[in-house]
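Right, I'll just put the structure down here and ask away after.
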């Protein structure tokens, strides 16, 4: 097992990694910006190194500063968490070239999945279903118009190098496409340094479901069930649950098998997620729509996901420990041939944002009281007295609840949300209280439009 680990991240995920690493007897080094000096993850590490000012480009994305911190502290490995440098193939290569262990997939897999068009083509070749779309970037507006006419409106205009719900627009006709193409291309060039644009069929009614995969040290890829991620605002997730209430045993079998093929196609190692869209099947010749749904590959996240705790509850494993074991060349703690899910888990992302318009609301935390009780877990990045700054993502904590059934998990979620007290920064706890009384959500028959219908 790795003996010393530098966590190249901050807040909630840094604390989460630190907790598991220390349980395993690993010496942990935290890196932090000037803005984060007083946050809990800094105090909880065995050693902490200041790497720069609040600007992420000068701290958490500063590869030279992070590698210097690893060298000065004698770190053996680097865990990137999620966001920042976690899907940066060049950083992964640099870490390994420096003689350090990278806790994540290798750089080639990150590169292969980082470009949406390349990823689509690889998945199609591996027999993973993909939505109708372009196999090459739409080089200009005329090419985009031609492609959209062949695919059929409405279409999604996507930044090929994008991620996290950014760099996307919907066009219902050619006039809208002309506007969205220029907008997405300009955004992609500014944000990602790559203006390549993908045109793909847009499905107005869809569910977002993903499969957790783990590439083991012996070369096998296993699937650890699916997560439902359809409660979203601005294409970004707010709630995740496992198992998905929309997935039948037959569909689950197909989904998990496709996710394993996706991982095998790129020789995947360590934790990753295969994201898919579930859409209603078209009616057959008799005008009857089959009962199950089709799914299409959306993208692969070559890192640990924010929502990994729901999988941990359902499968009874610690995914961070499994990541560290794979990186150390060790076998998993579980039997890959006898995976048995049990119960139901729900995660809610507690953000420092207005609960109605979802606009960021930083500030000093005057009160912070976390809920407790059976089946309740809080992974937080802050505590009372900390300041939520405007420099980083608005995630304050993740509230995870579990139960033997979905109904039991929902009951515990309602009680936990009611008990979560935060005063100071704006927060979206009231939104979850509203969601947990929403008939559509409670039924399980919801899709990605649920938040907009609530507003």
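All of the numbers you see were taken from the coordinates with simple rules; none came from a lab. Everything numeric in this text was worked out from a predicted model, so none of it was measured. Note that we place each Cβ from the backbone using ideal geometry, even for glycine, and neighbour counts take in every protein chain shown.
Among 422, 78, which comes first, then next, by fewest other beta-carbon atoms within 10 Å?
In order of increasing Cβ crowding within 10 Å: 422, 78.
If you stretched the chain out fully between residue 411 and residue 205, how much longer would it get, using 0.36 nm times the residue separation minus the C-alpha to C-alpha distance?
71.4 nm
Any chance you could get the radius of gyration and Dmax over the Cα atoms of segment 86-204, in Å?
Every Cα atom of segment 86-204 included, Rg and Dmax give 15.8, 53 Å.
Once all Cα-Cα distances of segment 1-141 are split into 10 Å bins that start at 0, what whole-number percent is in each one?
Cα pair-distance distribution for segment 1-141, in percent: 12, 37, 26, 15, 9, 0.
With N residues in segment 197-260, what two-decimal value do you get for its Cα radius of gyration over 2.2 N^0.38 Å?
Against the compact-globule rule of thumb, the ratio is 1.29.
Here's another thing I want to ask about it. Extension gain residue 454-residue 328, at 0.36 nm per residue separation less the Cα-Cα distance, in nm?
40.7 nm
Based only on other Cβ atoms within 10 Å, what is the fewest-to-most ordering of 347, 96, 275, 87?
Ranked by crowding around the Cβ, least crowded first: 96, 275, 87, 347.
To the nearest 0.05, what FRET efficiency results for residue 90 and residue 19 with a Förster distance of 35 Å applied to their C-beta separation?
Approximately 0.75, to the nearest 0.05.
Just rank 298, 224, fewest to most, by other beta-carbon atoms within 10 angstrom.
298, 224
Follow-up question, since we're still on this one. With a Förster radius of 45 Å, plug the Cβ-Cβ distance of residue 34 and residue 356 into 1/(1 + (r/R0)^6) and report the FRET value to the nearest 0.05.
Efficiency computed from Cβ-Cβ geometry: 0.90.
While we're looking at this one, here's another question. Pairs of Cα atoms under 8 Å, at least six residues apart: use those to get the relative contact order of segment 132-201, whole percent.
44
Then there is this: What does the extension gain come out to for residue 442 and residue 125, with contour length at 0.36 nm per residue minus their alpha carbon separation?
Full-extension gain reported as 110.3 nm.
Please compute the modelled spin-label separation between residue 46 and residue 189, points set 7 Å along Cα→Cβ, answer in nm with one decimal.
4.9
Going by average Cβ neighbours within 10 Å, how do the peptides 66-76, 14-24 rank, with the highest at the top?
14-24, 66-76
Grab the beta carbon distance between residue 250 and residue 384, set R0 = 51 Å, and tell me the FRET efficiency rounded to 0.05.
E(calc), rounded to 0.05, equals 0.60.
Which of rounded, prolate or oblate describes segment 175-214 when judged by the alpha-carbon gyration tensor and an a/c cut-off of 1.5?
oblate
Cα centroids of segment 248-267 and segment 100-136: how far apart, whole angstrom?
15
A follow-up question, please. Compute the Cα gyration tensor for segment 207-454, then decide on rounded, prolate or oblate, letting a ≥ b ≥ c be the square roots of its eigenvalues: rounded whenever a/c is under 1.5, prolate when a/b is larger than b/c in the other cases, and oblate in all that remain.
oblate
Turning to a different aspect of this structure: Sort segment 180-321 into rounded, prolate or oblate with this rule: let a ≥ b ≥ c be the square roots of the eigenvalues of the Cα gyration tensor; rounded if a/c is under 1.5, and if a/c is not under 1.5, prolate when a/b is larger than b/c, oblate otherwise.
It is oblate, given that a/c is not under 1.5 and a/b is not larger than b/c.
Remind me, what semi-axes does segment 131-179 give for its equivalent ellipsoid, largest first in whole Å, using sqrt of 5 times each Cα gyration tensor eigenvalue?
16, 12, 10
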